[in-house]
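Below is one structure, written out as structure tokens; comments come after it.
What follows draws every value from the coordinates through simple rules; no lab data is involved. These numbers come from a predicted model, not from an experiment. Note: ideal-geometry Cβ built from the backbone for every residue, glycine included; neighbour counts use all protein chains shown.
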Amino acid sequence: MQRSIDDILKSEQDHINNSLLNYIHQLEVPDRLKESVLYSIEAGGKRLRPLLMKLTCEGLGGEVDKVYPAAAALEMIHTYSLIHDDLPAMDDDMYRRGKLTNHKKYDEATAILAGDGLLTNSFHLVSTATTYTDTQKVKLISALSKASGLEGMVAGQYLDMEAENKLVSIVDLERIHHLKTGRLISFAIEIGAYLADVSEKKRAVLKRFGDCLGLIFQIQDDILDVEGDQELIGKRVGSDADNDKSTYPGLLGIDGAKQYKATLMAEAAECLVETGLENTDLAVISTYLSERDQ
């Protein structure tokens, strides 16, 4: 039986938060640097990427306790990326999730080092996890480094900055967001399936699902930047336009962006049917990602 999104978030977030905080608290880190790391970790994120990993594994009948180290590592990488994205050299944002961004709360050097630490230690977390075999550790570290590095999120962020003040095609925009946003979401889905030990064929379908979901997430993000509630989303509405960023509403119009999102949702739904996950919590959270207001 499917749960509501509120029930899913309420029941699952504590497990993920505990995995994150237990790992960070046991590290010997200078006080102010640890405070900076924890400031961003505890800033109120919904832990959507770890949730996607956990719900994929669970829906496929996998052993969900195996998910938590990889899920925590994924959230550490996501948090590092937000700290760095907010820096003056990148998006130069003052608020994130309704709070001062890390570099505004502390300073730029501390924020950079907090992000560096989260990135580096994400791989330490996986490599020292007792829940994985050596083969699984190699797979997880290889896949996570590719999704977050020069062939993934980092490349997407670079291309996103390069596209500022330029008119890009829808093909180029999709490439940017497949890399910047989609790769970590796809990683969450793929690793959830990998840890559930399902067939290569089923994992390929779920990779397609993850790719769709990454674009859906970004399109909704772009829509919220046009017509969202600033108090709900926790940052200034209209920042994409102010920074001359290429967006789906900018290229397709707000109605066109919503229609394209609906097309991707239909494709994602087909993938869930193919893999027998259409009546699971994963389907609920997929719909939430498309309709969220923050």
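Among the residues of the range 1-52, how many are closer than 27 Å to D116 by Cβ, surrounded by fewer than 17 Cβ atoms within 10 Å (Cβ to Cβ) and among the small types (G, A, S)?
Here the count works out to 1.
If a residue has to be in contact (Cβ under 8 Å) with a residue 60 or more places away in the chain, assigned to a helix (DSSP H, G or I) and not β-branched (V, I, T) to count, how many in the range 175-199 make the cut?
6
Of all residues being free of Cβ contacts under 8 Å to residues at least 60 places away in the same chain and farther than 17 Å from G61 by Cα in the range 200-209, which is surrounded by the fewest Cβ atoms within 10 Å (Cβ to Cβ)? Just the residue, please.
A204
Within the range 76-101, track down each residue that is in contact with a Lys or Arg (Cβ under 8 Å, 6 or more places away or on another chain) and in a helix (DSSP H, G or I).
Listed by number, the residues that qualify are H78, L82.
Of everything in the range 165-209, what is within 20 Å of the chain's Cα centre (by Cα) and of a type in the set (S, T, N, Q)? Give them in sequence order.
Once the filter is applied, which keeps residues that are within 20 Å of the chain's Cα centre (by Cα) and of a type in the set (S, T, N, Q), the range 165-209 yields T181, S186.
Counting just the residues of the range 179-222 that are in contact with a helix residue (DSSP H, G or I) (Cβ under 6 Å, 6 or more places away or on another chain) and small (G, A, S), which one comes out farthest from S290 (Cα to Cα)?
The residue in question is A196.
Do we have T110 as within 30 Å of R175 (Cβ to Cβ), buried (at least 19 other Cβ atoms within 10 Å of the Cβ) and among the β-branched types (V, I, T) here?
No: the conditions fail for T110.
Scan the range 250-294 for residues that are β-branched (V, I, T) and part of a loop (DSSP other than H, G, I, E, B) and jot them down.
If the condition is that a residue be β-branched (V, I, T) and part of a loop (DSSP other than H, G, I, E, B), then T275, T280 are the ones that fit.
How many residues, within the range 154-169, are hydroxyl-bearing (S, T, Y) and either in a helix (DSSP H, G or I) or closer than 15 Å to Y80 by Cα (or both)?
Final tally of qualifying residues: 1.
Hey, does the range 95-110 have a residue that's touching a residue at least 24 places away in the same chain (Cβ under 8 Å), of a type in the set (S, T, N, Q) and in contact with a Phe, Trp or Tyr (Cβ under 7 Å, 6 or more places away or on another chain)?
yes
Give me a count of the residues in the range 20-60 that are part of a helix (DSSP H, G or I) and farther than 24 Å from G98 by Cβ.
11
What are the residues in the range 119-153 that are buried (at least 17 other Cβ atoms within 10 Å of the Cβ) and within 27 Å of T247 (Cβ to Cβ), if any?
L119, A147, S148, G152, M153
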